[in-house]
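Contents: one structure, followed by commentary.
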Amino acid sequence: MAALPVPFMLAKDVERAAESLLHDYVRARGGGALRGAVNVDFIVENILELDLAVIDLKGLLANPSVLGMTSVEDRRICVDQSLEKIPGRFAFTLAHEIGHWQLHRQILEQRQREDTLFDLERLPSPAPRSGRRRKAPVEWQADQFAACLLMPARLVREAVRLAFGERLPSWEGIEARLLTGEPDERFVEVAEQVIAAGQFDNVSNMAMRIRLRDLKLVVDASDPQRSLL
């Protein structure tokens, strides 16, 4: 399916949309402070009031690269059953589909009214690509929403402070390894410590590394003025 054309959004606008849903989430769970893992199943079923189906989505769509799908007409989010035993991937895929629902539902509904040839009812989401190939805006926005929903900036910053004090984690060569795709064992270690400190139990190490990078919470000691990309 061709990528859905979506209006340009800044990262801060996507974050604001995720924060609004988190506000509803906290209120629906009785108020208090937001802490630990965000229960995205609860958001789907109790706040958005959508059906959640864990099915053989790859087989249904005859597409081995699809992990999630949002059906506007059926008010349903589907996640491929292969992710059921991978908590970090499952939660991120579900949060990604929530992003489609929150950010792109009205666009899909408008396309329905215009009766175009676009596949109006379903917005399938492909598996993440390896490497640094640029994603279509519709998928970048959903990914950014998922990151903000599962790893709110304030809580990630608090977790970094708990794990490392007032000095941000810093070592040499981070940026170079990110650009080449070379494994960085120190970065993996830092992400694990932040996950533990913030009790982000349903977040993968890779997702946390990307979030730490986006929030500029690690410093490349070889060029601290530019950290991070």
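Remarks
- Gyration tensor verdict on region 1-72 (Cα atoms; rounded if a/c is under 1.5, prolate if a/b is larger than b/c, oblate otherwise): oblate
- Listed by chain and number, the lysines whose C-alpha is less than 17 Å from the C-alpha of LYS216, apart from same-chain residues fewer than 8 away, are LYS12.
- Compared with the dominant Cα axis of the chain, that is its longest principal axis, helix 185-198 is turned about 70°.
- The portion of the accessible surface of the chain made up by carbon and sulfur, rounded to a whole percent, is 49 (1.4 Å probe; DNA, RNA and ligands excluded).
- Helix axis angle, 137-150 relative to the chain longest principal axis, alpha carbon, degrees: 60 degrees
- Cross-link reach is defined here as a Cα-Cα straight distance under 29 Å, omitting same-chain residues fewer than 8 places apart; for LYS85 the lysines meeting it are LYS58, LYS135.
- Global size of the chain as Cα Rg and Dmax, reported in angstrom: 18.1, 56
- Order of exposure, largest accessible area first, which applies to GLU189, GLU172, GLU166 with probe 1.4 Å: GLU166, GLU172, GLU189
- Degrees between helix 11-28 axis and first principal axis of the chain (Cα, 0 to 90, nearest 10): 80 degrees
The values are calculated or read from the model by the stated rules, or taken from the named source; none is laboratory data. All of these numbers come straight from a predicted model, not from anything done at the bench. Heads up: the accessible areas ignore ligands, DNA and RNA and are worked out on the full protein's heavy atoms, side chains in. Shrake-Rupley method; radii C 1.70, N 1.55, O 1.52, S 1.80 Å.
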